[in-house]
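**Q** I am attaching a structure below and will ask some questions about it afterwards.
The values are calculated or read from the model by the stated rules, or taken from the named source; none is laboratory data. If you're wondering where the values come from, they're calculated on a predicted model, not measured in any experiment. Because the Cβ atoms are built from the backbone with ideal geometry, glycine has one as well, and the counts that use them run over all protein chains shown. SASA here: full protein model, heavy atoms, side chains in, ligands and nucleic acids out. Shrake-Rupley method; radii C 1.70, N 1.55, O 1.52, S 1.80 Å.
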Amino acid sequence: MSGSIPPRTIGSFNSIYEVKSHNRNNGYHWFSPDTLRWFNGKVYDVLFGNCVFVSSEKENHSRFTPNPQRQYSVRVAMNDGSIERYGVYDTKRQADRDAQWLAKALANGTMVHCNSRNKFVEPHLIHWAHKKKAVTLEEHRKQRRKNERL
């Protein structure tokens, strides 16, 4: 098909600095100082598995959020320069642990990016996801914890 957009895939980078450069060079502003300032964002320098990293955001103090807490996100750098969020955590330790797990799962194919749902899922769930709905992150975590106990 002429002119069709290729599906997005997981990126492969040598450092978080390469991720930032690729994001900027593809017209995105995820790492720009203004964007990070707006979200009180921080990007941590560790890149897991060539594409996964941790960021954190903190809402500004307002009457709706009188005591805002910093939240940590596991992010994935995609081949087109975009950044996808995998999950949100209360502590950096939790985010680092899941970032390491996700990097390994993406590398060995036990997790993939489902373009039609724009979610990370287990490969055998992609066909099911098209018919029903993709497994939610919380459902996936519960199943993973259950399997780890076995």
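**Q** Working only within the stretch 31-79, note down all residues that are touching an Asp or Glu at 6+ places or on another chain (Cβ under 9 Å), open to solvent by less than 30 Å² (accessible area, probe 1.4 Å), free of Cβ contacts under 8 Å to residues at least 40 places away in the same chain and among the hydrophobic types (A, V, I, L, M, F, W, C).
**A** Of everything in the stretch 31-79, just one residue is touching an Asp or Glu at 6+ places or on another chain (Cβ under 9 Å), open to solvent by less than 30 Å² (accessible area, probe 1.4 Å), free of Cβ contacts under 8 Å to residues at least 40 places away in the same chain and among the hydrophobic types (A, V, I, L, M, F, W, C), namely Val74.
**Q** Right, another one. Just the residues that are within 16 Å of Asp80 (Cα to Cα) and touching a Lys or Arg at 6+ places or on another chain (Cβ under 6 Å), please, taken from the stretch 4-56.
**A** Correct list: Phe31 only.
**Q** Does Ala107 satisfy the criteria of being out of contact with any Cys (no Cβ under 6 Å at 6 or more places or on another chain) and among the small types (Gly, Ala, Ser)?
**A** Yes; evaluated as a whole, the condition is true for this residue.
**Q** Out of the stretch 37-53, which residues are of a type outside the set (Phe, Trp, Tyr) and either in contact with a strand residue (DSSP E or B) (Cβ under 7 Å, 6 or more places away or on another chain) or within 20 Å of Asp96 (Cα to Cα) (or both)?
**A** Matches in the stretch 37-53: Asn40, Gly41, Lys42, Val43, Asp45, Val46, Leu47, Gly49, Asn50, Cys51, Val52.
**Q** Any idea which residue in the stretch 19-30 is nearest to Asn108 (Cα to Cα), counting only those that are in a helix (DSSP H, G or I) and either aromatic (Phe, Trp, Tyr) or open to solvent by less than 90 Å² (accessible area, probe 1.4 Å) (or both)?
**A** Within the stretch 19-30, the match that is nearest to Asn108 (Cα to Cα) is Val19.
**Q** Is there a residue being open to solvent by 20 Å² or more (accessible area, probe 1.4 Å), among the hydrophobic types (A, V, I, L, M, F, W, C) and over 23 Å from Asp45 (Cα atoms) anywhere in the stretch 86-102?
**A** Among the residues of the stretch 86-102, not one is open to solvent by 20 Å² or more (accessible area, probe 1.4 Å), among the hydrophobic types (A, V, I, L, M, F, W, C) and over 23 Å from Asp45 (Cα atoms), which makes the answer no.
**Q** Tell me the strands (runs of 3 or more DSSP E) entirely within the stretch 44-150 that contain at least 1 residues that are farther than 20 Å from Val19 by Cβ and at pLDDT below 90.
**A** 112-114, 119-121
**Q** Being within 11 Å of the chain's Cα centre (by Cα) and within 26 Å of Lys142 (Cα to Cα) narrows it down to one of Ala105, Ala99, so name that one.
**A** Selected residue: Ala99, the only one of Ala105, Ala99 that is within 11 Å of the chain's Cα centre (by Cα) and within 26 Å of Lys142 (Cα to Cα).
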